[in-house]
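Some notes on the structure that comes next.
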Amino acid sequence: MGDNEEAPTTMVGRRGNYRTQLWDKQSESFLPSTPGLGMHVEVKDPDGKVVLSRQYGSEGRFTFTSHTPGEHQICLHSNSTRMALFAGGKLRVHLDIQVGEHTNNYPEIAAKDKLTELQLRARQLLDQVEQIQKEQNYQRYREERFRMTSESTNQRVLWWSIAQTIILILTGVWQMRHLKSFFEAKKLV
């Protein structure tokens, strides 16, 4: 796999659920936030490209599909400036991320497509098989990248040890010639 080759393009669905809570000074605990509080959700893929950028309420669900394997950045920003004045600046966010076949709502799919229980179970199994294939492709990609890095490091270590050996041999030859001329000058040989 060359440097210009990309990772396997497997689309993986991801779903995130979040819930916010504001700090209440009087009760000294976190309480469910007011409906006016909104959250801006931004998701970036490993290449830094924005995959999702949307405004949501104080509680919600966001979904996005990723074409690139690797770590994604999920940033949640409050859209309220009054929170700092109102709640003493403390906000708690509960975040739940689901990846792959867990993102599918199978009861909703069964109702929409009018599937029997057997057909729904078959669809679940097909989705699981597809997710396993995607995970295997991603693991193959990671293994190949790791192997390439290991081989490159091994090659550099080999060349460094060859260079060290040549330097040691040249230093030894120089020392022998220098000592020989020194002993001849002192007439010890």
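The values are calculated or read from the model by the stated rules, or taken from the named source; none is laboratory data. Bear in mind that the values here come from a model prediction, so they are computed numbers and not experimental data. Neighbour counts are summed over all protein chains in view; Cβ atoms, including those assigned to glycine, are modelled from backbone coordinates with ideal geometry. Ligands, DNA and RNA are excluded from the accessible area calculation, which covers all protein heavy atoms including side chains. Shrake-Rupley method; radii C 1.70, N 1.55, O 1.52, S 1.80 Å.
The table below gives the values:
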| item | result |
| --- | --- |
| Selection within region 130-170 - open to solvent by less than 90 Å² (accessible area, probe 1.4 Å) and touching a Pro at 6+ places or on another chain (Cβ under 9 Å) | Lys134, Asn137, Tyr138, Tyr141 |
| Subset of region 57-75 [buried (at least 17 other Cβ atoms within 10 Å of the Cβ) and part of a strand (DSSP E or B)] | Phe62, Phe64, Ser66, Ile74 |
| Condition met for Leu37 (in a strand (DSSP E or B), at pLDDT below 80 and either exposed (fewer than 13 other Cβ atoms within 10 Å of the Cβ) or not assigned by the TED database to the domain that holds Glu144 (or both)) | no |
| Single residue of Arg140, Arg145, Arg156 found to be outside the structural domain of Thr65 (by the TED database) and modelled with pLDDT of 95 or more | Arg156 |
| Only listed residue being modelled with pLDDT under 75 and open to solvent by 70 Å² or more (accessible area, probe 1.4 Å), chosen from Leu118, Leu85, Leu95 | Leu85 |
| Filter result for Glu184 (surrounded by 11 or more Cβ atoms within 10 Å (Cβ to Cβ) and outside the structural domain of His67 (by the TED database)) | no |
